[in-house]
1. Quote the charge dipole size of the protein assembly as shown about the Cα centre in Debye, to the nearest 20; the model charges only the Cβ of Lys and Arg (+1) and of Asp and Glu (-1).
2. What does the structure give for B:5-16 when I average, per residue, the other chain Cβ atoms found within 10 Å of the residue Cβ?
3. Please name which of B:LEU49, B:TRP76, B:THR4 has its Cα lying farthest along the dipole of segment B:2-85 towards the positive end, using unit charges on Cβ (Lys, Arg +1; Asp, Glu -1) and the Cα centre as origin.
4. Roughly what % of DSSP beta bridges within chain B run antiparallel, to the nearest 5?
5. Of the peptides A:43-51, A:203-211, how do they stack up when ordered by the mean number of other Cβ atoms within 10 Å, highest first?
6. Run the Debye formula on the Cα coordinates of the protein assembly as shown, all scatterers equal and no solvent, and tell me log10 I(q)/I(0) at q = 0.10, 0.13, 0.16 1/Å.
7. Rounded to the nearest 20 Debye, what is the dipole magnitude of chain B about its Cα centre when Lys and Arg each give +1 and Asp and Glu each give -1 at the C-beta?
8. Among A:18-30, B:35-47, what's the highest-first ranking by average C-beta atoms within 10 angstrom per residue?
Amino acid sequence: MWTPDFGERGQRALKGATVLVSRVGGVGGAAAYFLAAAGVGRLIIAPRGNLKPADLNRQILMTHGALDTPRVECAARRLKELNPRLTVEAVPENISDQNAERLIKQADAVVDCAPLFDERFAMNRAAIAWRKPLIECAMYDFDVRVTSILRGHSPCLACLYPADSPAWKAPVSRLRRCRRHGRQSRRDGSNQRFFQASESRCTGRMLLANLREMSFQTVKVSKRDDCSVCGAAV
Amino acid sequence: MKLTILYTGQARTAAGVERETVDVSAPRSVAEVLQILASKHESLRAVLLATDGKAHPSLMVFVNEEQTRTDARVDWKDGDQVMLVPPISGG
């Protein structure tokens, strides 16, 4: 992608990068699909359960023929059809405290598209602990929210949302060289540094979009000094 | 004094409107504005307020696009915009 600030260096970094996407429904499926198209080297996708008819109206990685089969298998197949050079690690689990650390340790960046806050908070804790960039994406009706979380540079998810609420339960609704670069950059951490540098425009800010009105704005969001997750983190 | 309230996410669903102008008599804090709104729209109460009746800690409030603590005392002016941003997690 010959765009300013990306170019060949960015393409190589992306090829060498591992990104964890949880989950791969309406939001996460689109994120994973575009990452695959853009040339990411390795995707870890983590959705549990079988595909249901109600998933199909928005989940672009899912197909009618895969109904009643594991979502993760359908998603992995579609991603590989788009980009056969992509490595997909298909994990048939949702993120939880039991697997968050193991999966996030392997990733250079994490895209959080989970529908439940328990999953989101588990990813947040592990991403803060392991200093991984966490891209928080959420939708409700036609509302979109995106923010990037990076330890020491932004509020974390628990800063933004420190307490549970019943209201949250409302309905939601040049390849060889690149491969070599990928292996090298996985060893020296340069991919993670690239992601950290690339996401600075969204770090500490939240994009709020209302697609019903086609209104977009970004607002600065604040860290809590008494945050139980990142309060003492530097 | 007239404030423009901008509802997002579940707050918009509960209020049934995208935005509205609320005529209030000099509230001192964001929390007091939330109490007024919860009284006006009963369905908003669970979105804006915790079970103890205080402002919900996970509700983000932006006054004229600046994130503002709910216990903050604000020198309100006519036409100030208050945007209410409850947590959403749809994926």
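1. Magnitude of the dipole: close to 1900 debye.
2. Shielding by partners across B:5-16 averages 4.
3. Highest projection toward the positive end goes to B:LEU49.
4. 75 percent
5. A:43-51, A:203-211
6. Log-scaled intensity ratios, in q order: -0.61, -0.97, -1.32.
7. On the way: 10 positive and 12 negative charges, 30 e Å.
Dipole about the Cα centre, nearest 20: 140 debye.
8. Output ranking for A:18-30, B:35-47: A:18-30, B:35-47.
Each value in this text was obtained by applying a stated rule to the coordinates, not by laboratory testing. Please read all numbers here as calculations on a predicted model, not as lab measurements. For neighbour counting, all protein chains shown are included, and Cβ atoms are generated from backbone atoms with ideal geometry for every residue, glycine included.
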